[in-house]
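J.: I have a structure I would like to understand better, so I am pasting it below and will then ask my questions one at a time.
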Amino acid sequence: MAKFLTNKDDNYAQWYNDLVIKADLAENSVVRGCMVIKPYGYAIWEKIQAELDKLFKATGHVNAYFPLFIPKSFFSKEAAHVEGFAKECAVVTHYRLKLSEKGEIVVDETAKLDEELIVRPTSETIIWNSYKNWIQSYRDLPILINQWANVVRWEMRTRLFLRTTEFLWQEGHTAHATREEAEEETRKMINVYASFAENFMAIPVIKGYKSENERFAGALDTYAIEALMQDGKALQAGTSHFLGQNFAKAFDVQFTDKNGKLDYVWATSWGVSTRLMGALIMAHADNNGLIIPPKLAPLQVVIVPIYKGDGQLEGMAKAAMKIKEGLEARGITVKFDDRDTHKPGFKFAEYELKGVPVRIAIGPRDLENNTIEVARRDTLSKETIPADSVFEHIPKLLTDIQNNILSKAIQFKKENTYHVDNWKDFISRLDDTGGFIMAHWDGTAETEAKIKEETKATIRCIPFDSPEEAGKCIYSGKPSKRRVLFARSY
RNA sequence: CGGGGUGUGGCGCAGUUGGUAGCGCGCUACGUUCGGGACGUAGAGGCCGGAAGUUCGAGUCUUCUCACCCCGACCA
C-alpha cells in the first residue's frame, strides 16, 4: 500500500513533498518559489478561511481590502519594520513594457515610476496610512478590520505551503483608544487561533510570548501558537502582535480622548497563512496519505460502489443516492464515486491518499444483506453496519474521528514534550528525538543566539502558562525564573 | 552569495569506445476484468535545455550560455 509515497520514517521531508503533490494539493509553479494551489488544496484552504472568518466576525471584526502595492516611503516610516522586511521585498519600478528593435518585450525605461512601489510583505503601513484619515476621536475607535490577501516575501528557500515567496493569509489590523484594550485584543486573537487549531485542525498548540529576537518587526510584543509536527520539529502556526503606538506615531495617527486630550492610537495585528496547510499535513498524515479532520475536509464521506458490469450498478446507485441525500440533509459533504473508469481498489487508495475521513462501500453482498461497509481514514479500520443505521452512525463517526485525531495529536505532543535541565541532555534530546523542550533560560539575547548557533534550536515561545520555577539556565548556568519552550523549527 | 548536482516523450529515468533514441508509469482504442492501486492486444507521443565548435557523423567530445534542484546564511 501507499507505494507512491516516500516512507515517512525514511525521509520525512520527501514524504511531505510527495504527499502535497500526490494528494493534488499544490505544485511548484514556473515562477521560482511560488506555488499553484490546486482545487483540492484550495478547497481545504477555503474551509479554513470560512471557519476563521466566522470566528473573526464573532469577535466583532469586519473584512476590508487594502492595496497590494505600498509606496516605498510608507514602508520606511517605522524603523524596526523596514529593517525586518527590507531584505525580502519585491519592488515595482516601471509600469510599461515595449517591443525592442529585436522584437523582444523589454521594460520601457521611459516608464519609470517616480516613487517605487513595494509588493506588500504585510500591510501595516498602507493600512495605518488609511487609519490616519479615519480616526479623529475616541468615538472612531476601535477599528477592528481583517483582510484576506496575498503577500510576497522574497525567500531564499521555499517549500510548498510552509514557506513560499507568495502566500495567502489573513491579517487583522486593529486600532484602540487604550493600551489595555489593544493588549486584550492581542491576547484575544491568539486565543482564537489556538482554539481554531485545536477544535478544527485538531492540533494542540502552546501559546506564548516571543522572545525579543523572534518578535515581529515593529511590535512591542508578539504572541504565537506553536505546534509540534510528527518529525519533532515545531511550527509557528499563528501570531498576534501588540504594536503599541509605534505605527500610530510613524503615521501620525492621533485621536482626542474623552477628556479632550490628544493621544496616539494603540494597535495590534495578527495573522495566519497557508502555512496552516503544512501544519495540517505534518500533524496528522501517515504513510497512506493525508488525514483531514472532518471539520475541515472538503469531502467528508465518499461512497464507492463495487460492481460487475451488467446492470449491477443500478441497485447500488439507488442505495447510494439515498444515503448521500440523507447525509447531505444532515449537513455532511458526500460524494458518490460511480466512475467506471477506475476499479474500487484504486478508488480506496485514492481517497485514503486524499484523507477523506469516511468511506462507504456498497457491493453485491451489501445489497443482499441490506448492509454497508464503513471505513474510517484515521484508524484504517472497517466495519459492516446495517444500511438503516447509516444516518445515526455517520454523524457520530465523524465526531468520533475529529476527536480521535485530536487526542492522538495531544498524546503525541505530551509524549514529545521534555523537561531538560542541563546542556548535555539538551543536545542529546534535540538530536535523538527532537520535540518540545522546556528548559531554563537566563533571558538574555546573547544566550539565545549562542544556543541557536550551536544547536539550531530556538526559543519558540515563553509559554503563558509556564509556572514560576527557580532554576538555572541550561547554557549559562545563570538563574532563571521559568522554563521556556525550545525546539528546532520550520 | 558560497558548496554540490541535474537538464533526453506529460512524469520518472536509461543511453556502452561518437553511428541517427529506448524503458517504466501515464495517455488513446478494443476486449476481458471489478470486495484493496487489474490484465492483454494495438497505438499516439521526442530539433536529447540553448548556442557555437571538433568530426564523414554528436544525446554522447570541447567551449560558452540558460534554467532548475539540493545543502548553508534569512524567514510566517
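The values are calculated or read from the model by the stated rules, or taken from the named source; none is laboratory data. Since the structure is predicted, the reported quantities are computational estimates derived from the model, not experimental observations. Neighbour counts run over all protein chains shown; Cβ positions are idealised from the backbone, glycine included. Heads up: the accessible areas ignore ligands, DNA and RNA and are worked out on the full protein's heavy atoms, side chains in. Shrake-Rupley method; radii C 1.70, N 1.55, O 1.52, S 1.80 Å.
J.: Which residues, taken from segment A:170-212, are in contact with a strand residue (DSSP E or B) (Cβ under 8 Å, 6 or more places away or on another chain), part of a helix (DSSP H, G or I) and of a type in the set (S, T, N, Q)?
T.: Within segment A:170-212, A:Thr186, A:Asn191 qualify.
J.: With A:Gly33, A:Gly41 as the choices, which residue is within 20 Å of the chain's Cα centre (by Cα), modelled with pLDDT of 90 or more and under 27 Å from A:Pro121 (Cβ atoms)?
T.: Being within 20 Å of the chain's Cα centre (by Cα), modelled with pLDDT of 90 or more and under 27 Å from A:Pro121 (Cβ atoms) holds for just one of A:Gly33, A:Gly41, which is A:Gly41.
J.: Kindly list the number of the only condition in (1) open to solvent by less than 80 Å² (accessible area, probe 1.4 Å); (2) in contact with a helix residue (DSSP H, G or I) (Cβ under 6 Å, 6 or more places away or on another chain); (3) not in a helix (DSSP H, G or I) that fails for A:Lys47.
T.: Exception for A:Lys47: condition (3).
J.: Mind counting the residues in segment A:274-301 that are within 14 Å of RNA strand B (Cβ to nearest atom), surrounded by 23 or more Cβ atoms within 10 Å (Cβ to Cβ) and part of a strand (DSSP E or B)?
T.: Residues that pass the stated criteria total 1.
J.: In segment A:456-490, how many are more than 28 Å from the chain's Cα centre (by Cα) and part of a strand (DSSP E or B)?
T.: 9
J.: Take the residues in segment A:204-218 that are within 10 Å of RNA strand B (Cβ to nearest atom) and either out of contact with any Gly (no Cβ under 7 Å at 6 or more places or on another chain) or outside the structural domain of A:Gln236 (by TED's automatic domain parsing) (or both), then tell me which one is most open to solvent (accessible area, probe 1.4 Å).
T.: A:Asn213
J.: Looking at A:Glu88, is it on the phi < 0 side of the Ramachandran plot, out of contact with any Phe, Trp or Tyr (no Cβ under 9 Å at 6 or more places or on another chain) and of a type in the set (Asp, Glu)?
T.: Spelling it out, it is not the case that A:Glu88 is on the phi < 0 side of the Ramachandran plot, out of contact with any Phe, Trp or Tyr (no Cβ under 9 Å at 6 or more places or on another chain) and of a type in the set (Asp, Glu).
J.: Please go through segment A:352-383 and give me each residue that is closer than 30 Å to A:Asn7 by Cβ, over 30 Å from the mean Cα position of the chain (by Cα) and within 7 Å of RNA strand B (Cβ to nearest atom), ordered by number.
T.: A:Ala361, A:Glu373, A:Lys382
J.: Taking A:Lys452, is it over 28 Å from the mean Cα position of the chain (by Cα) and open to solvent by 60 Å² or more (accessible area, probe 1.4 Å)?
T.: The answer is no for A:Lys452.
J.: Return the residues of segment A:455-473 that are closer than 18 Å to A:Gly208 by Cβ, out of contact with any Ser or Thr (no Cβ under 9 Å at 6 or more places or on another chain) and open to solvent by less than 70 Å² (accessible area, probe 1.4 Å); say none if nothing qualifies.
T.: Within segment A:455-473, A:Pro463, A:Phe464, A:Ser466 meet the criteria.
J.: Would you check if there is a residue in segment A:384-404 being surrounded by 13 or more Cβ atoms within 10 Å (Cβ to Cβ), under 27 Å from A:Asn287 (Cα atoms) and within 10 Å of RNA strand B (Cβ to nearest atom)?
T.: There is at least one residue in segment A:384-404 that is surrounded by 13 or more Cβ atoms within 10 Å (Cβ to Cβ), under 27 Å from A:Asn287 (Cα atoms) and within 10 Å of RNA strand B (Cβ to nearest atom).
J.: In segment A:22-38, how many residues are in contact with a Lys or Arg (Cβ under 8 Å, 6 or more places away or on another chain) and open to solvent by less than 30 Å² (accessible area, probe 1.4 Å)?
T.: 3
J.: Condition first: surrounded by fewer than 12 Cβ atoms within 10 Å (Cβ to Cβ) and outside any loop (DSSP other than H, G, I, E, B). Now tell me which residues in segment A:328-344 satisfy that.
T.: A:Ala329
J.: A:Ala349 - would you say it is crowded, with 16+ Cβ neighbours inside 10 Å, more than 25 Å from A:Asp24 (Cβ to Cβ) and either more than 9 Å from RNA strand B (Cβ to nearest atom) or touching a residue at least 60 places away in the same chain (Cβ under 8 Å) (or both)?
T.: No, not satisfied.
J.: For segment A:122-169, name all the residues that are open to solvent by less than 40 Å² (accessible area, probe 1.4 Å), in a loop (DSSP other than H, G, I, E, B), hydrophobic (A, V, I, L, M, F, W, C) and near RNA strand B (Cβ under 8 Å from one of its atoms).
T.: A:Phe161, A:Leu162, listed by residue number.
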